[in-house]
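Below is one structure, written out as structure tokens, with a few remarks after it.
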Amino acid sequence: MKAMKWVPDRVLIVFVLLLLSLYVTSSHHQNTDQKTVSSEIHVTKRVQTNDQDAKVFYKHTWPRMKFGWKIIVGSIIGFLGSAFGTVGGVGGGGIFVPMLTLIVGFDAKSATAISKCMITGGAAATVFYNLKQRHPTLDMPVIDYDLALLFQPMLMLGISVGVAFNVIFPDWLITALLIVVFIGLSVNAFLKGVQTWKKETILKKEARQNVRLNVLSDTAGTSNADHPQTESHINTNQTRRKVSVMENVCWKELGILVSVWILILALQIGKNYTRNCSALYWVLNLLQVPVTVGTSLYEAVLLQKGKRVIASKGDEQRRLHVWKLMVYCTCGLMAGIIGGLLGLGGGFILGPLFIGLGIPPQVSSATSTFAMTFSASMSVVEYYLLKRFPVPYALYFVAVATAAALVGQHLVRKVIAILGRTSLIIFILALTVFVSGISLGGVGIANLIKRIEKKENMGFGDLCSYRVRS
């Protein structure tokens, strides 16, 4: 932790420099052609309901980069969203998108693209922070690479399927699913947090009683220094041997995940340059199946044979049954489908899922953030090639999210070290998911009301006729 004491000061300096650079940039834009004001093209979603030839044309809304109250409020909300989101292992996209649309003024699709950039920046900073961190109770990295290797490929496959469903399903159905899923996840996480809090309270009471008994059993000549009466030993972040980053990273598993990331990214980029529902389009989609399923199946076979274990659960001596591995892979696939359908990263699903599987909160947060880095960064590359977001705005908000992630991780670990309660991570996760569900649900309902007033088509879409024009 001593190595990280520089984080808040350095982050504050970087943040101030970013605001100054933003002010200079805005001043430059004000001195340029005033016609740029009219470049804030409003969303025009035109639906032609001629039988089966419905085509959706889309134009972005990119507000001018101007230093003012919108940037300040957006930066504060983005900072808090990234800090809480990365600590909970959910990224914070459910907070970023409403902030970018309602406050800064982006259209929904551009806001989603910038949100992915912010998630990637915060997740990458969190992974960097966690590379030297160890498991709270076991002698292993805090990131469970075997757990990530089992879930991540299926998550990426599910996201591809969910994105297709997002185009097909009507907005009212997506909004309803979003509200139900997020409220359900937040309530479940909160109840799990309460349960963990009660267990920690019992452990702390037992530890105090043991300390008192040890002190009373001491002879008069025994020094009390040998039996400290503090609760530091109850702390779940026990002091462990320090290891280097090279030793703390499972390079083989990381290499496999990076290889899968590159292959899926190449297939997704190729798919973007093909005509929807063409033969090549379906071939590129189906090629994702052997890559992702094969990787998860490889890890599942090793876990079933006992050659590898999900050690973060304390299952070092146990083999996982086939049915349980199938459930895990299915959960990863469903998490990706839900994430892609609702337009969010898989972290909102993986975080609560890992908690429900009995993974320690620190490991759950670190591993879900690690997995989320791959899926979010893949989306960023695709959005960049498709020119779906303004680079200056994205860089600024990425810097805000990165700074917030480092500060959030540093402060929360200090609080946990003092209080000895890892349940705080679960409560932060529940709060972030709940706020995201309410904010996204509110935005979705408002958009639905506008579409109803304009008497726009509210039915299911056609994947084969969907087009985006930047």
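Rule-based calculations on the coordinates, nothing more; no lab input. All of these numbers come straight from a predicted model, not from anything done at the bench. Quick reminder, even Gly has a Cβ in these numbers, built from the backbone with ideal geometry, and neighbours come from all protein chains shown.
Annotation for Lys454 and Asn285: the two label points, set 7 Å from Cα along the Cα-Cβ direction, are 2.7 nm apart.
Between Ile438 and Ser465, what length comes free when the chain is fully extended (0.36 nm per residue of separation minus the Cα-Cα distance, one decimal in nm)?
Values: separation 27, 0.36 × 27 = 9.72 nm, distance 3.18 nm.
Net length gain for the segment: 6.5 nm.
Label sites at Lys324 and Leu302, each approximated as a point 7 angstrom past Cα along Cα to Cβ, lie 1.8 nm apart. What's the center-to-center distance, using Cα atoms, between region 136-152 and region 429-461 in Å? Here the two parts' Cα centres lie 36 Å apart.
Ranked by the mean number of other Cβ atoms within 10 Å of their residues, highest first, the peptides 298-309, 72-83, 374-385 fall in the order 72-83, 374-385, 298-309. Couplings 3J(HN,Hα) for region 84-94, derived from phi with the Karplus relation 6.51 cos²θ - 1.76 cosθ + 1.60 (θ = phi - 60°), are 6, x, 6, 5, x, x, 10, x, x, x, x Hz, where x marks Gly and Pro.
What size of dipole, in debye to the nearest 20, comes out for region 102-154 about its Cα centre when the only charges are +1 on Lys and Arg C-beta atoms and -1 on Asp and Glu C-beta atoms?
Values: 4 positive and 4 negative charges, 36 e Å.
Roughly 180 debye, rounded to the nearest 20.
Computed from point charges on the beta carbon alone (+1 for Lys and Arg, -1 for Asp and Glu), the dipole magnitude for region 97-229 about its Cα centre is near 260 Debye.
Here each label is just a point 7 Å from Cα along the line to Cβ, and for Glu247 and Lys204 those points are 3.3 nm apart.
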